[in-house]
Structures are given as structure tokens and as C-alpha cells.
1. Can you list residue pairs whose Cβ atoms sit under 8 Å apart, with the first residue in the stretch 92-111 being in contact (Cβ under 8 Å) with a residue 40 or more places away in the chain and the second being open to solvent by less than 30 Å² (accessible area, probe 1.4 Å) and β-branched (Val, Ile, Thr)? Count only pairs 6 or more apart in sequence or on different chains.
2. Picking from 63, 93, 98, 111, which residue would you name as being farther than 19 Å from residue 132 by Cβ and among the small types (Gly, Ala, Ser)?
3. Checking residue 161 against (1) within 24 Å of residue 23 (Cα to Cα); (2) at pLDDT below 95, only one condition comes out false. Which one?
4. Of all residues in the stretch 124-156, which are hydroxyl-bearing (Ser, Thr, Tyr) and either under 15 Å from residue 77 (Cβ atoms) or over 13 Å from the mean Cα position of the chain (by Cα) (or both)?
5. Given the criterion surrounded by fewer than 16 Cβ atoms within 10 Å (Cβ to Cβ) and either in a strand (DSSP E or B) or at pLDDT below 95 (or both), identify the matching residue among 96, 100, 70.
6. Say whether the condition of being free of Cβ contacts under 8 Å to residues at least 40 places away in the same chain and either of a type in the set (Ser, Thr, Tyr) or touching a Leu at 6+ places or on another chain (Cβ under 9 Å) (or both) is met by at least one residue in the stretch 146-154.
Amino acid sequence: MKALLLLMATLLFAKHSFSQPQPQGEFHRSLFKKHDAEKGKRHKGAEPLGAIVFSTEEIPRLGSIKEIEPILGNEFRRYQCVWARIFLPKHLGALPDGMPKRIAYRMIVDGKFHYQKILADDYLPLPEWSSWMIQLPDALQEGYDKLPPEPVRLRLEVWANPEKDGAERLLAVGECLLQP
């Protein structure tokens with residue numbers, strides 16, 4: 001029994017210690033290519049923000065530019081099923097402060113803070129992930145239920161917090177228009 005427990009602990013440690021970042025598709029890489037070309041012109045350590053894109057269809061993680069661009073949109077009906085895919089330049093485990101302890105999804109409506117949902121522990125994306133999807137309005141239902149009745153400009157932000165009281169870091173941003 002001790003040997004089995006030791007084996008399980010070793011495998012768990014090895015998985016987290018030696019896991020590889022997920023591969024990035026052509027569309028994903030193209031989002032950050034311009035930044036890589038300009039990196040030498042800016043101050044050291046400047047990292048690009050991730051991007052959040054929206055579609056009424058699931059957005060392939062490893063898709064090509066020709067495959068993904070035609071399905072993307074920036075205007076939706078309020079309770080239409082919308083997929084939001086977060087693309088980061090690096091996987092979460094490679095962030096400067098390491099894997100975040102918490103991630104917050106923030107809804108900014110017409111330039112003002114509207115709603116926040118915090119994920120922690122087992123609900124966080126995996127450290128190897130540089131891309132993942134959420135479904136709207138389901139993932140942020142409480143925020144959607146409190147939206148004003150008129151059309152709104154929704155800015156979705158993903159924030160990382162390395163520790164409970166540590167400094168937050170904006171990871172990704174995307175915007176769309178929500179019609180009633």
C-alpha cells in the first residue's frame with residue numbers, strides 16, 4: 001500500500017513538474033507575431049496582453065487563420081449562446097509570477113466595472129494552457145442578469161492574482177456589443 005501511495009505521489013509530481021505547454025495553432029501564434037517582431041524596440045520585460053475573441057460557434061484552439069476568422073463576431077444578442085476563447089502569449093505556468101492562485105473574469109460595461117467572477121483551486125485552467133474557452137452567458141450568468149435593458153459595449157477581462165493579497169495582473173481583453 002505504501003508503495004502504491006508513493007508511486008501515485010511521484011506520478012502526480014512528475015505530471016506537474018514536467019508537463020509541456022499545449023501547442024498553439026496558426027491563429028493563436030498570429031495574434032502575438034507582431035509583438036515578437038517589435039519586442040526589441042520596447043523596454044525589457046514588456047509582455048503583450050492576451051486576446052479574447054467571440055463566436056456563436058466553438059472556436060478551435062489549434063485552428064488556422066482561414067478557419068477561425070470567418071466565425072468570429074463582435075455583435076451578439078444578449079442571451080445568445082456565445083463562445084469566448086482566451087488566447088495568451090504563454091501558458092499560465094510560464095507567467096512571470098508563476099501559476100496564478102486565482103483568476104477573475106471581469107465584465108466592464110460601457111467603460112464601468114459591472115461584475116466579477118473569481119476562480120480558484122480546482123476551477124482554474126491547467127498550468128499548461130495558453131488558451132481555453134468559456135460559454136456566455138452561462139459562465140457569467142449573474143452579471144448578464146444585471147445588465148441594463150439597452151445595447152451595451154461589453155469588455156471582458158481576465159485577471160490573474162498570484163496570491164490572495166498579491167498584485168493583480170491583466171492577462172487578456174476582448175470586446176463585443178450586446179444587443180437586447
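1. Hits for this filter: 103/158; 104/158; 105/134; 105/158; 106/158; 109/152; 110/152.
2. Sole residue among the options that is farther than 19 Å from residue 132 by Cβ and among the small types (Gly, Ala, Ser): 111.
3. (1)
4. Residues of the stretch 124-156 that are hydroxyl-bearing (Ser, Thr, Tyr), as a first pass: 130-131, 144.
Within the stretch 124-156, just 144 meets the criteria.
5. 96
6. Yes, that holds for at least one residue.
The values are calculated or read from the model by the stated rules, or taken from the named source; none is laboratory data. Values in this document were obtained by computation on a predicted structure and should not be read as measured data. Cβ sites come from the backbone with ideal geometry, for glycine too, and all protein chains shown count toward neighbours. To get the accessible areas, we keep the full protein, side chains included, count just its heavy atoms, and leave off ligands, DNA and RNA. Shrake-Rupley method; radii C 1.70, N 1.55, O 1.52, S 1.80 Å.
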